[in-house]
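The values are calculated or read from the model by the stated rules, or taken from the named source; none is laboratory data. Quick caveat: nothing in here was measured; it's all calculated off a predicted structure. Note that each Cβ is placed from the backbone with ideal geometry, even for glycine, and that neighbours are counted across all protein chains shown. When the accessible area is computed, the model is the full protein with side chains, heavy atoms only, and any ligands, DNA or RNA have been set aside. Shrake-Rupley method; radii C 1.70, N 1.55, O 1.52, S 1.80 Å.
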Amino acid sequence: MSAATRSLSRGVRASWPWRLAALALGLGVAVAAPHVFTGIAAQHLLVMVAINVILVVSLDLLVGGAGLISLGHAAFMGVGAYTSALLVKGGAAYPTGLLAAIGAAALAGLVVGVPALRLRGHYFSVVTFIVGIIATILMTNLVDLTRGPMGLPGIPFVTLRLFGWEHTFRSVVFKTGFYYLALAFALLALLLRWRLGRSRFGRSLAAIKGDENLAESVGVPTYRVKLTAFVLAAGVAGLAGSLYAHYTAFISPDTFTFIHSFDLFVMNLVGGAGTFLGPVVGPAFLTLLGNALRDLSPALSQVIYGALLILVIVALPDGLVGGARRLLRSLGRARA
Amino acid sequence: MDTVLQLILNALHTSSLYALVALGLTLVLGVLDIADFAQGALYMAGAYVAFYATSAFGLSFFLALPLAMLVAGLLGVANYVAVYRPLRRFSGATTFIAALGLLLILQNLALLAFGADFRLVRNPFPGVRIALAGATITGYQAFLAGAMVALVGLVWLFLKRTPVGKALRAVSQNRGGALVVGLDPFRVEVAAFALAGALAGAAGTLASAVNAFDPHVAATVVIKAFAIVIFGGMGSVPGAIVGAVVVGLAENLTGGLVSTQYAELTAFVLMVVVLLVRPRGLFGAQEAKL
């Protein structure tokens, strides 16, 4: 970036004290939320928003970071959820289950990424979409391992031990504690995404997003960089899956279908792919919208959802955050 | 041996249905580079047209078939005009998302309108069985395979002989060149969507007398058909047909000799293998990239 463009982009963006203030405000809202909304249904939504933020942030590394539209993300969440649930049910400590979930999902990411990343553009998207379906078929049919469509009940709650201190998050009834746990992981994921975006690796991804052939010709090992991002994103999705499994204490293949992969992608798109706040705004907005539409028949709410999606693609290609940013920018210009 | 032969004969109707859907998908992919998953909904529409035309209006199955093709073809053109054409300036990924949105809308509208009950159209050839070297096929299976061959033949003639068909092939081979020589892209694109829709509608109608269906069939069919398109080579007409035959056979053989549970996976396994060995697919002209 030349000095001129750098100063230009700085002129357009909010200055850092404002950003810091906005960040502090957002954190304050996130921390205070479970004390304002004390009902069990509302707190459940808060936990789901936090878990979805982790998933969408990891997906955004691919979509917003590298322009890789991956539509099978829920499959990796599922791999993480089953790995962790089965291990902890078998007697492992929760941190072991969590690490194994990340590892297994990352491994699955490698297995999928190696063939899928040989395709570019929307052919890659179609293949990841189909892989998500294969994953659901496997989860449903490997009955000996997953109990198939009956699902896996009785998953132990998260128990953490630290220097003699021990706490079990009985999250089916008491949600506040688990919410903070999920929030901590969501913040960690956001931080990681932000750091990666500004690293050499993130710039390689951005180059691939801009023009893959050009990136290749200036020496970016595109296939390896894309594969690394894919494996990393899958691993973080596995983490979210583990949190989800031990939060609800029950999982079944229905949670990890292509519909959920699609939902995650839409959250990313509606929030604004490639923006810092998009992966927070999207899950929050759509989780609440989904809840508001729940009183309608499921079929009708799906119709509205689909129509909304097409509208967003046409009217707000850079999502709510991108749209808001453009609005602020044009207001700023009008004032100047 | 007889079981294997029987399984191969059973594959006839599976393969025929896949071939029709995959052919429509590959045509639109070749001309417009759109992964038109909404065609699953046109298949579903064809099945419902056949069901209501034969049950509620007492129409003969053989009249319901062209009617369903007409309805599905018009729906395909409507999708194009209402959604895909306005999205032309966006990348392929955006249109793919729009296609999934469209599939979601149409499938759920069908759920609202027709409910989730399983439907089956009455077999137009009840009780007819044809013996073939120790195995048998039903009269309807024979009709289905014949209808597939006839429809594919007609599409082939259309692409080779008619001006619109030739234009369609030209745009699919070299879009820029086709526009330079003055072909009207709108006409070609409408033709591609109408044709693809009619094929999906025909497949839905033909399937409706052997496979019980509900609105969810829209998604399941199109996903498998797209795996076949990737396997055969995206945008390739022979690829779609050979792919459908191979997948139909592999599926029936896996189902009969290994386990029916995993028969559903064969199309996808073949797809992944092809991607590893030959990313352009069996008959793909070039490596698929944007």
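Given B:Ala72, B:Ala113, B:Ala78, which one is within 11 Å of another protein chain (Cβ to nearest Cβ) and not in a loop (DSSP other than H, G, I, E, B)?
Checking each option against the conditions leaves just B:Ala113.
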Legend entry - Selection within region A:244-271 - in a helix (DSSP H, G or I) and open to solvent by 10 Å² or more (accessible area, probe 1.4 Å): A:Tyr244, A:Thr248, A:Asp254, A:Thr255, A:Phe258, A:Ile259, A:His260, A:Phe262, A:Asp263, A:Met267, A:Leu269
Inset, instruction - Report yes if some residue within region A:138-149 is touching a Lys or Arg at 6+ places or on another chain (Cβ under 9 Å) and buried (at least 17 other Cβ atoms within 10 Å of the Cβ); otherwise report no. - result: no
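Quickly run through region B:126-181 and pick out the residues that are assigned to a helix (DSSP H, G or I), of a type in the set (Val, Ile, Thr) and open to solvent by 70 Å² or more (accessible area, probe 1.4 Å).
Scanning region B:126-181 gives B:Val149, B:Val180.
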Legend entry - Among the residues listed as B:Phe90, B:Phe37, the single one being under 24 Å from B:Ala147 (Cα atoms) and not in a helix (DSSP H, G or I): B:Phe37
Inset, instruction - Being outside any helix (DSSP H, G or I) and not polar (S, T, N, Q) is the filter; apply it to region A:36-56 and report the residue that is most open to solvent (accessible area, probe 1.4 Å). - result: A:Phe37
Legend entry - Out of B:Thr94, B:Thr54, sole residue that is among the polar types (S, T, N, Q), open to solvent by 10 Å² or more (accessible area, probe 1.4 Å) and at the interface with another protein chain (Cβ under 7 Å from one of its Cβ atoms): B:Thr94
Legend entry - Where A:Leu62 falls short, out of the listed (1) at pLDDT 85 or above; (2) over 20 Å from the mean Cα position of the chain (by Cα); (3) within 13 Å of chain B (Cβ to nearest Cβ): (2)
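Among the residues that make up region B:55-68, is at least one of them closer than 27 Å to B:Ser236 by Cβ, modelled with pLDDT of 90 or more and in contact with a helix residue (DSSP H, G or I) (Cβ under 8 Å, 6 or more places away or on another chain)?
yes
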Inset, instruction - Being free of Cβ contacts under 8 Å to residues at least 12 places away in the same chain and among the small types (Gly, Ala, Ser) is the filter here, so list the residues in region A:84-130 that pass it. - result: A:Gly90, A:Gly91, A:Ala92, A:Gly121
Inset, instruction - Please indicate, with yes or no, whether at least one residue in region B:175-188 is at pLDDT 85 or above and in contact with a helix residue (DSSP H, G or I) (Cβ under 6 Å, 6 or more places away or on another chain). - result: yes
Legend entry - Residue count, region B:165-199 (criterion: under 27 Å from B:Val71 (Cα atoms) and of a type outside the set (A, V, I, L, M)): 11
Inset, instruction - Answer yes or no: is there a residue in region B:216-232 that is open to solvent by 30 Å² or more (accessible area, probe 1.4 Å), outside any helix (DSSP H, G or I) and either at the interface with chain A (Cβ under 9 Å from one of its Cβ atoms) or at pLDDT below 80 (or both). - result: no
Inset, instruction - Within region B:98-125, track down each residue that is more than 18 Å from B:Ile223 (Cβ to Cβ), in contact with a Pro (Cβ under 9 Å, 6 or more places away or on another chain) and open to solvent by less than 30 Å² (accessible area, probe 1.4 Å). - result: B:Gly115
Inset, instruction - Hey, can you tell me all the residues within region A:150-175 that are in a helix (DSSP H, G or I) and surrounded by 16 or more Cβ atoms within 10 Å (Cβ to Cβ)? - result: none
Inset, instruction - Evaluate region A:57-79: report whether one residue or more is assigned to a helix (DSSP H, G or I) and farther than 30 Å from A:Gly210 by Cα. - result: yes
Inset, instruction - Examine region B:255-271 for a residue that is facing another protein chain (nearest Cβ under 9 Å), modelled with pLDDT of 80 or more and under 20 Å from A:Gly121 (Cα atoms), and state whether such a residue exists. - result: yes
Legend entry - Per-region count, region A:303-328, residues over 30 Å from B:Leu111 (Cα atoms), out of contact with any helix residue (DSSP H, G or I) (no Cβ under 6 Å at 6 or more places or on another chain) and in a helix (DSSP H, G or I): 7
Inset, instruction - Please work out which residue is farthest from the other protein chains (Cβ to nearest Cβ), limiting yourself to region A:287-317 and to residues that are of a type in the set (Ser, Thr, Tyr) and closer than 16 Å to A:Leu264 by Cβ. - result: A:Thr287
Legend entry - For A:Ile208: the one exception among (1) surrounded by fewer than 21 Cβ atoms within 10 Å (Cβ to Cβ); (2) part of a helix (DSSP H, G or I): (1)
Legend entry - Tally of residues being open to solvent by 10 Å² or more (accessible area, probe 1.4 Å) and part of a helix (DSSP H, G or I) across region B:187-215: 6
Inset, instruction - Could you list all residues from region A:28-47 that are under 19 Å from A:Ala186 (Cα atoms) and either in contact with a Gly (Cβ under 7 Å, 6 or more places away or on another chain) or hydrophobic (A, V, I, L, M, F, W, C) (or both)? - result: A:Val29, A:Ala30, A:Val31, A:Ala32, A:Ala33, A:Ala42, A:Leu45, A:Leu46, A:Val47
Inset, instruction - Please state which one of B:Asn108, B:Asn10 is under 21 Å from B:Ala212 (Cβ atoms) and at pLDDT below 85. - result: B:Asn10
Inset, instruction - Would you tally the residues in region A:105-131 being away from chain B (no Cβ under 14 Å) and open to solvent by 30 Å² or more (accessible area, probe 1.4 Å)? - result: 1
